[in-house]
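Structure first, then comments.
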Amino acid sequence: MAEDFAAVAPACDFWSLRLVASHWDRLSMRQGVLEPAALGHSLGAMVTVVSHRGLGYAATDDLSRPGLRAAGRRAREWALMHGRHGLFDASLYPRSGLQADYASPVAAPWSDVPLPEKLALLRQASDGLAIGPAILDWSAWLGWDGVDQLLVSSAGARIFEHLEFVHSGLLAVANAGEQTQRRHGGGADWPQQGGMERLAALGFVEQAPQVAEDALALLEAPECPTETLDLVLMPSQMTLQIHESIGHPLELDRILGDERNYAGTSFVTPDMFGSYRYGSELLNVTFDPRLPGELASTMADDEGTLAEPEVLIRDGILQRPLGGALSQARAGLPGTANARASGWDRPPIDRMGNINLQPAPADGPAEGRASLAELVGGVERGVLMETNRSWSIDDSRNKFQFGCELGRMIIDGELRGLVCNPGYRGLSAGFWRSLDGVGDADSVEVRGVCNCGKGEPNQAIYVGHASPPCRFRGVEVFGGGA
């Protein structure tokens, strides 16, 4: 198909063709009943054309030579329109000639495990959740996504990616009177690239009783107090904290105003890079597309730019935004290779990729570097929170409020019991400047989210976030009634 398109490509300054084949498989069991399975596949191509200082796209699922020719012509017509009326000079679009291959690390392919074995795992996990009458609802699920993508261009690019993801999760919902609590586990908030080997590492079956027991225990727990307290966030909550108040504000297309109508803008402005204090000196954040198995690991982005690790925030100072080559050229700022598309029928836009908060280095100063026990031990009165339950953040990704599934009081450096409905709020800059403890390398967990939405039309995409537990001072904490 790539050769067919090269033979019929329109006359233009530059073109690229991105062929994408996606497959997915979903299995789930709710309250011990197997739900309808879902299988799907999608195959199509996105044509990108640069002509007369304009940029045009056209997607098609007609991969015959006439279909590709027609898509090429439509893309050129849009490029000519953009050249007359567009807001930026599309001759800045990168003209990749990169040749590279990437494949997800998979030890035990999804396809090698027979369906009856997968259903047996679901049954075991589901049975493990049903530990008493107060568990009103419970679910277990397994899923797989496979993506093959080939990007070719008139400049000689040929980039092939084979991506695989195995998803799993558990949910227990407990109720007593007016109190309802829920807990997730079994990989529900711990997605990565890989195969069936991930299930054992995540404890998909083994965690089930503990997930249900936590939900029951929360029914008896007191409300989280409402006051200004120290806060320890586990990696399961740090994931969304990084995502919403570092990842989204640093997306360069937001900073340029491209996403104002739908996804919002950013409190970050171009003049901040290189000098703005985003957080305390313990805050070090990287864009790392090479961490094996992380959700957005790759060799290149969907514009064909080689993906390499970059520092976004060093010692608390903002260094560079998350912007692909086109956005970098428009803004006159350095960026990252993070122009990504959710499928063959969407153009690439600036996305997060893997955004990771670095642990305190073992050879660095001891101040601020700690194990989890040491982080907790440094709190006189505070709360430890884990697993996001709700989130709210303003259009500029500055003022935020998060709720978590589970909290534990910390008194005089010790964990003293559960609290239910824990939440906290703050402003991004003030919050990150209150960071005064970062877990060591042994405490890092590589997680991510599978529902990051952005763009018009919407593009839902996978994003990786790795982090150790972190400690923050003087945070506005609240319970469910506040």
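The values are calculated or read from the model by the stated rules, or taken from the named source; none is laboratory data. Values in this document were obtained by computation on a predicted structure and should not be read as measured data. Cβ placement follows ideal geometry from the backbone for every residue including glycine, while neighbour counts extend to all protein chains displayed. Please note that ligands, DNA and RNA were not included when accessible areas were found on the heavy atoms of the full protein model with its side chains. Shrake-Rupley method; radii C 1.70, N 1.55, O 1.52, S 1.80 Å.
Overview of results
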{"item": "Strands (runs of 3 or more DSSP E) contained in the stretch 10-100 and holding at least 3 residues surrounded by fewer than 16 Cβ atoms within 10 Å (Cβ to Cβ)", "result": "38-51"}
{"item": "Selection count, the stretch 155-192, where residues are surrounded by fewer than 20 Cβ atoms within 10 Å (Cβ to Cβ) and part of a loop (DSSP other than H, G, I, E, B)", "result": "4"}
{"item": "Selected residue (only one of 331, 339, 373 is open to solvent by less than 30 Å² (accessible area, probe 1.4 Å) and of a type outside the set (Lys, Arg))", "result": "339"}
{"item": "Criterion (in contact (Cβ under 8 Å) with a residue 24 or more places away in the chain, in a loop (DSSP other than H, G, I, E, B) and touching a Gly at 6+ places or on another chain (Cβ under 8 Å)) met by exactly one of 308, 294", "result": "294"}
{"item": "Considering residues of the stretch 193-215 that are out of contact with any Leu (no Cβ under 9 Å at 6 or more places or on another chain) and among the charged types (D, E, K, R) only, the residue surrounded by the most Cβ atoms within 10 Å (Cβ to Cβ)", "result": "198"}
{"item": "Set 295, 256, 250: member being surrounded by 18 or more Cβ atoms within 10 Å (Cβ to Cβ), touching a Leu at 6+ places or on another chain (Cβ under 9 Å) and among the hydrophobic types (A, V, I, L, M, F, W, C)", "result": "250"}
{"item": "Residue check, residue 195 assigned to a loop (DSSP other than H, G, I, E, B) and in contact with a Ser or Thr (Cβ under 7 Å, 6 or more places away or on another chain)", "result": "no"}
{"item": "Out of 30, 18, sole residue that is within 27 Å of residue 304 (Cα to Cα) and out of contact with any helix residue (DSSP H, G or I) (no Cβ under 7 Å at 6 or more places or on another chain)", "result": "18"}
{"item": "Considering residues of the stretch 392-408 that are open to solvent by less than 30 Å² (accessible area, probe 1.4 Å), of a type outside the set (A, V, I, L, M, F, W, C) and in contact with an Asp or Glu (Cβ under 9 Å, 6 or more places away or on another chain) only, the residue nearest to residue 222 (Cα to Cα)", "result": "407"}
